[in-house]
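Trainee: Dumping the structure here so I can ask a few things about it.
The values are calculated or read from the model by the stated rules, or taken from the named source; none is laboratory data. Note that the structure is predicted; figures quoted are calculated from it, not measured. Using ideal geometry, Cβ is built from the backbone for each residue, glycine included, and neighbour counts are taken over all protein chains shown. Please note that ligands, DNA and RNA were not included when accessible areas were found on the heavy atoms of the full protein model with its side chains. Shrake-Rupley method; radii C 1.70, N 1.55, O 1.52, S 1.80 Å.
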Amino acid sequence: MSGAAERGLHPLGNVLVNHLGFRCHARKQVIVRGAREEAFELQDMSLIRPAGMGAREGYREVLVGRLRTVDSPLGKYSVGDFSGCTAPGIYRVELPGTGEHSYQFAISDGAFGWLPALLLNFVHNWRSGPFENELRGPTHLDDARRSDNGKAADAVGGWYDAGDVRKWMVHSNLPALAFMDAHERLPWHYAEWERVDEGWSPWLLEALWGLDFMLKMQDPATGMFFEDVGGGGNSRKRPGMSWWYENHSGCYADNAGNRFTDNATDSGDERPLRVQYNPIAQFTSVTILARAARTFAALDPGRSLRFAEAAGRGWRLGLDPDPRYLESAGVDFGAWTAVRSWRCLAALELHRCGGLPWEAVDTAADALLENFDAKLGFWRNQAGGSEPFRGVLHSAQPLIALAQFARASTEPGRRAKVEDILRRCLDEYVFPLASLTPFGFIPFGAFIQASSEGDLYRPWRDGYRYRFLMPEHHPQSINHGLAGHWTSWAHALALTGSLLGDARCTELAWSQLQWLVGGNPFNSSLISGVGFNNPMPHSRFLGTFPGGFCTAFNGSSDDRPLLDLDGNAQWNTTEYWMTPLSNALMALSHLNPSRGAASGKIGRLERGGPGAPEPSGSSRAG
C-alpha cells in the first residue's frame, strides 16, 4: 500500500502527465486537479531511495518545482514545469505532501518513436479480404453488389475503417497516405525487414493493400469513386437529419451492412457497394493515388501508371458528377472549405506526378484562400457563408493544404502571402483557443450562433461563441469523439511549425497528441496497448488489438469531456477509427526524429549525473 493510500487518497488520477513522455529539450509539464499551491518532485525511476526490507519503494527526486494554479472554463488546475530536466530516462511526478503521483513516462527524443510501427501493425491486422492471422480468417470475399443496378462488383480488400467492418472511402484509405509520409521521413527500426537496397519498406508494402482496393472503388466509366462498402441503409433518418454534418458524411447510415458474410459470391448475402458521389472521398482518393503514382514510380512502374491514370480520371470528374449519384441535389460542394482543401492537395499531388500544370494548383489554392475570414482569423465553412469551418475529422485541413502548397511554391511573393495567412490564423484563432485550458488542446470550433438547444456555447471574442466539444442535443444526433479533430491539428501544426520555423506550433502539435495518451482529465490513453487506463474499445467484430485508436472524448450539454471507462463499448468515445490513427502517424512523421537525425536516448549515464558511479580513485570526503 502506498503512502497516499494509507492516508485515504488514491495515489493515481489527480497528477496528470501523458503516458509516453517528452523529447529531451521539449516543454514538459504536469497538470494536477484543483488549486494545489504545493511542491512537486520529478523522480528518476532508475534511482531507488534506500528503504528497509518490506518498505515500499521510493524514487530519488532529480528536480523539485512548485505548482501554480490555473483557472480555466473546465475548472481549476495546477501546473508545474519540469522542462529543465533534459536527461533521457524513465520518470514520474510525485506530490511529496500527499504521496499522489503520475504514471511513469519517458524523457527521450524517441518517446513516441516506437508508436508508428505499432500503428502500422494495427492497420495490417485490420485488413479486409484474403487475409488471416492467428485470430481470424479471410473476410468479405464476396464484397459487393452495386446499389444502383444490383450487379456484382469486385470490392474485395482494403482496410476496415473502424471498430466495425464497413469500408468508407473518406477514411478507410487514409493509412496509405500516412504510410507514404512515414516511408519518406521515419527510420524503420527493424532494419532486417527493410529492403533498403530496393527502396521498399514495410510502410509501402502495407500501403499497397489499400491502394489496390482504391482502384476497385472507382467507376471506370465515369471516374467517380464510390462512397462505401457495407455502409448501411437509411433507417436512422429522421426529420432534420442530413447525410452531412460538420463536414462528415454518412451521418444517418445504419448498421444494415455491418456484418460478416458467408464469403461466397452469388449466395445472396453480399453487401452493398454504395454508388454515390462524395466530393471529399473524390479528392481524398485523387490525392492518395497521385501521391502513390510518384512514390511507386521507380519501385513498381506498372502500378504507378495505374495509380496515375485513376487519379487523373478522378480529377477530370471533379465537381461534376452524374446527378443520379447525388445523395441530395442542389448542394454546391465546390464552395465548401473541406472540399477546397482536399482539392488543393489533389492538384498539388497531380502536379508533382506530372498530371497537372502549376497554374491549376495556383487556382485551387486561390479558391481555398477565398474562404479565409479575416475577422475570425480562420476559414468560413463555405464561400459566401459566415459560419466558421469545423470538422469532425479534417478540421485543420486548410492549414495542411496551404502549408504543403507554400512549401512547393517557387514564387517568393506567393509563398509569403500564404505564410502571412497562416501566421494570422495561428495568432488570432489557434493560439488564443488553445490557451483556454492548461492542456492546450484545440477546441471543436467557433460558432456564429448556437446550433442546438439545451447545450452550452461559451462566449468568445467579437460576438463568436465556442465549444470545446460537439453539442449533445443537435438534431443530427451525432455527438462524436474528436480524436480525428485533435490529430488533424497535430498534423497541421507540425507542418506549419516546420514551414514557419515556429517552435510554438511544434509544442502545440505535441500537446494534441499528449492530450490523447494520458495528459487528460481521465488519465487515460486512447490507444489500446499504449500507456495506461485504456478504455475497452467499441470493436465488436475483431476485438481489442494493440494500436487501435479510439475516437476519444465527446461533449456533455455543459461542454465537458465524457469518456466511457465502464466497458460499455460506447461507439462515440471508444470505437477504433482509422482517421485519428492516420492523422497521428502523419503528425509523427514530422515530429519524431527523422532518418539519420541525432537524438537523445535512454541507456547512457553522464559522468557526474544522478546515478553515475564515482570515478576510479575519487573521493567526495572532506
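Trainee: Evaluate region 605-615: report whether one residue or more is at negative phi, at pLDDT 80 or above and either open to solvent by 80 Å² or more (accessible area, probe 1.4 Å) or in contact with a Lys or Arg (Cβ under 7 Å, 6 or more places away or on another chain) (or both).
Mentor: Within region 605-615, none of the residues are at negative phi, at pLDDT 80 or above and either open to solvent by 80 Å² or more (accessible area, probe 1.4 Å) or in contact with a Lys or Arg (Cβ under 7 Å, 6 or more places away or on another chain) (or both).
Trainee: Further question: Just the residues that are closer than 30 Å to residue 235 by Cβ, of a type outside the set (A, V, I, L, M) and open to solvent by less than 60 Å² (accessible area, probe 1.4 Å), please, taken from region 446-476.
Mentor: 451, 452, 455, 467, 471, 474, 476
Trainee: Another question, then. For residue 283, are the conditions met, namely being open to solvent by 20 Å² or more (accessible area, probe 1.4 Å) and either at pLDDT 95 or above or touching a Cys at 6+ places or on another chain (Cβ under 8 Å) (or both)?
Mentor: No: the conditions fail for residue 283.
Trainee: Under the condition of being aromatic (Phe, Trp, Tyr) and assigned to a helix (DSSP H, G or I), which residue from region 415-445 is most open to solvent (accessible area, probe 1.4 Å)?
Mentor: 431
Trainee: Would you point out which residue out of 210, 240, 268, 233 is open to solvent by less than 10 Å² (accessible area, probe 1.4 Å) and over 19 Å from residue 393 (Cα atoms)?
Mentor: 210
Trainee: Collect the residues in region 81-107 that are in contact with a Cys (Cβ under 7 Å, 6 or more places away or on another chain) and open to solvent by less than 30 Å² (accessible area, probe 1.4 Å), keeping them in residue-number order.
Mentor: The one that is in contact with a Cys (Cβ under 7 Å, 6 or more places away or on another chain) and open to solvent by less than 30 Å² (accessible area, probe 1.4 Å): 107.
Trainee: OK, next. Could you list, in sequence order, all residues of region 305-332 that are exposed (fewer than 13 other Cβ atoms within 10 Å of the Cβ) and of a type outside the set (Asp, Glu)?
Mentor: Those that are exposed (fewer than 13 other Cβ atoms within 10 Å of the Cβ) and of a type outside the set (Asp, Glu): 316, 323, 324, 328, 329, 330.
Trainee: Tell me whether region 397-414 contains one or more residues that are open to solvent by less than 10 Å² (accessible area, probe 1.4 Å), in contact (Cβ under 8 Å) with a residue 12 or more places away in the chain and within 30 Å of residue 68 (Cβ to Cβ).
Mentor: Checked region 397-414: no residue is open to solvent by less than 10 Å² (accessible area, probe 1.4 Å), in contact (Cβ under 8 Å) with a residue 12 or more places away in the chain and within 30 Å of residue 68 (Cβ to Cβ).
Rundown of residues vs (1) out of contact with any strand residue (DSSP E or B) (no Cβ under 7 Å at 6 or more places or on another chain); (2) outside any loop (DSSP other than H, G, I, E, B); (3) among the charged types (D, E, K, R), yes/no style:
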position: 475; (1), (2), (3): yes, no, no
position: 479; (1), (2), (3): no, no, no
position: 485; (1), (2), (3): yes, yes, no
position: 496; (1), (2), (3): yes, yes, no
position: 515; (1), (2), (3): yes, yes, no
position: 521; (1), (2), (3): no, no, no
position: 529; (1), (2), (3): yes, no, no
position: 552; (1), (2), (3): yes, no, no
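Trainee: Another one. Can you confirm whether region 289-304 contains a residue that is within 22 Å of residue 221 (Cα to Cα), open to solvent by 20 Å² or more (accessible area, probe 1.4 Å), in contact (Cβ under 8 Å) with a residue 24 or more places away in the chain and in a helix (DSSP H, G or I)?
Mentor: Among the residues of region 289-304, at least one is within 22 Å of residue 221 (Cα to Cα), open to solvent by 20 Å² or more (accessible area, probe 1.4 Å), in contact (Cβ under 8 Å) with a residue 24 or more places away in the chain and in a helix (DSSP H, G or I), which makes the answer yes.
Trainee: Based on what the data block shows, is residue 177 open to solvent by 10 Å² or more (accessible area, probe 1.4 Å), aliphatic (A, V, I, L, M) and more than 28 Å from residue 298 (Cα to Cα)?
Mentor: no
Trainee: Exactly one condition in (1) modelled with pLDDT of 95 or more; (2) surrounded by 12 or more Cβ atoms within 10 Å (Cβ to Cβ) is false for residue 25; which is it?
Mentor: Of the numbered conditions (1) modelled with pLDDT of 95 or more; (2) surrounded by 12 or more Cβ atoms within 10 Å (Cβ to Cβ), the odd one out for residue 25 is (2).
Trainee: Suppose we filter region 63-105 for residues that are part of a strand (DSSP E or B), among the charged types (D, E, K, R) and in contact (Cβ under 8 Å) with a residue 40 or more places away in the chain; how many remain?
Mentor: Selection size over region 63-105: 4.
Trainee: Take the conditions modelled with pLDDT of 95 or more and more than 23 Å from the chain's Cα centre (by Cα) and apply them to residue 486. Does it pass?
Mentor: So residue 486 does not fit the description; no.
Trainee: How many residues are closer than 25 Å to residue 255 by Cβ and of a type in the set (Val, Ile, Thr) if we restrict to region 528-545?
Mentor: Result for region 528-545: 1.
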